1. Can you tell me which residue within region 129-156, out of those that are in a helix (DSSP H, G or I) and hydroxyl-bearing (S, T, Y), is surrounded by the fewest Cβ atoms within 10 Å (Cβ to Cβ)?
2. Out of S266, S303, I need the residue that is of a type outside the set (K, R), within 30 Å of Y229 (Cα to Cα) and not in a helix (DSSP H, G or I). Which one?
3. I'd like to know if region 197-206 contains one or more residues that are touching a Leu at 6+ places or on another chain (Cβ under 9 Å), modelled with pLDDT of 95 or more, within 22 Å of H83 (Cβ to Cβ) and within 8 Å of ligand 2 (Cβ to nearest atom).
4. Can you confirm whether region 111-119 contains a residue that is out of contact with any His (no Cβ under 8 Å at 6 or more places or on another chain), of a type outside the set (V, I, T) and within 15 Å of ligand 1 (Cβ to nearest atom)?
5. Being at pLDDT below 95 and more than 16 Å from ligand 2 (Cβ to nearest atom), is that true of even one residue in region 14-24?
6. Restricting attention to region 50-68, does a residue exist that is closer than 22 Å to H178 by Cα and more than 13 Å from ligand 1 (Cβ to nearest atom)?
7. Which residues, taken from region 157-178, are more than 25 Å from V92 (Cα to Cα) and part of a loop (DSSP other than H, G, I, E, B)?
8. Is there a residue being aliphatic (A, V, I, L, M), in a helix (DSSP H, G or I), closer than 27 Å to H169 by Cα and not assigned by TED's automatic domain parsing to the domain that holds P30 anywhere in region 223-233?
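The values are calculated or read from the model by the stated rules, or taken from the named source; none is laboratory data. Keep in mind it's a predicted model, so treat the numbers as computed, not measured. Cβ: placed from backbone, ideal geometry, glycine included. Neighbour counts: every protein chain shown.
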Amino acid sequence: MPRTPRTILITGAAGFVGSRLADRFAADFPEAILIGADLSAPAWTEGPTRRTVALDITDESAVRDCFRVHRPDCVVHLAAQSHVPTSYQKPVLTWQVNVIGTMQLLEAARAEAPGGLFIFISSSEVYGREFNAGRPVTELSHFAPMNPYASSKAAADALVRDAASEDLHTLVLRPFNHVGPGQRQDFVVSAFSSQIARIEHGLQDPILHVGNLDAQRDFLDVRDVLDAYVRVVHRGHDHPGGTVWNLCTGRPVTIQSVLDDLLALSPADIEVRIDPDRLRPSEVPVALGDASAARADLGWRPSTPWSKTLAGVLHYWREYSRP
Ligand code: A2R
Ligand code: GDD
């Protein structure tokens, strides 16, 4: 039975996904009050059903206060240090935000807003070396994280599942890579598109700097990811606490093919150059996953054509960097 939450708290609400999720939730749950929390309060227009909070999720008393005041019956926990290379440089910060921050939210939810839904956005990165087995990972596959970001998500993922109880209905989503307009240049599709746009505008020499082009990743359009999150809010109570769903297409592509597809959309003559600073100490070679559980349980399947996603991101960067 679909249920409509009364008050939804989105952490990481100023981030790439969180800032888009607010509009999706406003459309799908028009009666619900949306509370957007992030390190700096999200730039939403406040109104009777939209409020914003500046909240550091590692701050125990601030988190408690937030739950005491707003008493959300649904939490969508997106806040994270989400960048894999940064996690090598700042492993402690990564664990503080991704693990301790998640624990603070779980504790506050249990104590101040019992009985609610707590949806944790984990990551396909938790599977790490398990991808090397050569078969699609399912929700039952082992964790074998390969970097501090991945291990922090694996730890938080386990904590959230363990916290499932009568006092808190916890659920976990493990999205694979997702992209769209407005994503930071830290991530590959924006990294390539932003450089192409700058080259087209004459703002950068015609040399596109890249990292590892051999890796294969399973890319989702962010709109399809938002659709999955809405479905979990609607149907989450129908599934046992601690349930996990992978979100992926099952069709990974090489980063080289992403680059080729983007270059094919540009009239510019561009040289591609490997930048050693963009290579990582270790990484998943091929991210192949199985999302049949999300299809069966949530009726979710990604539908946005990849060519439309790529064209949208490149268009965004052409407008953004227009002199
Ligand atoms: O680091 P910032 O200033 O970009 O803020 C990020 C925010 N955040 C925090 N919020 C509250 N307390 C903290 N201590 C804290 N540290 C970081 O979480 C950012 O605004 C947000 C995460 O958004 P993005 O980095 O844009 O991630 P995205 O792509 O929206 O991914 C959403 C979730 C994450 O949990 C990923 O690990 C997962 O999907 O793939
Ligand atoms: N960022 C970046 N920049 N990546 C590059 C580049 C470049 O210039 N050149 C090649 N790559 C390769 C990376 O080595 C990696 O194999 C792939 O492109 C994707 O890199 P990212 O876009 O940085 O994403 P990620 O796979 O490390 O992690 C993302 O997806 C996870 C889910 O699978 C992040 O969004 C995580 O937060 C998320 O959990």
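1. Once the filter is applied, the top-ranked residue is S151.
2. On inspection, the qualifying residue turns out to be S303.
3. Scanning region 197-206, I find no residue that is touching a Leu at 6+ places or on another chain (Cβ under 9 Å), modelled with pLDDT of 95 or more, within 22 Å of H83 (Cβ to Cβ) and within 8 Å of ligand 2 (Cβ to nearest atom), so the answer is no.
4. There is no residue in region 111-119 that is out of contact with any His (no Cβ under 8 Å at 6 or more places or on another chain), of a type outside the set (V, I, T) and within 15 Å of ligand 1 (Cβ to nearest atom).
5. yes
6. For region 50-68, residues closer than 22 Å to H178 by Cα and more than 13 Å from ligand 1 (Cβ to nearest atom): absent.
7. A164, E166, D167
8. Checked against the condition, which is being aliphatic (A, V, I, L, M), in a helix (DSSP H, G or I), closer than 27 Å to H169 by Cα and not assigned by TED's automatic domain parsing to the domain that holds P30, region 223-233 yields no hits at all.
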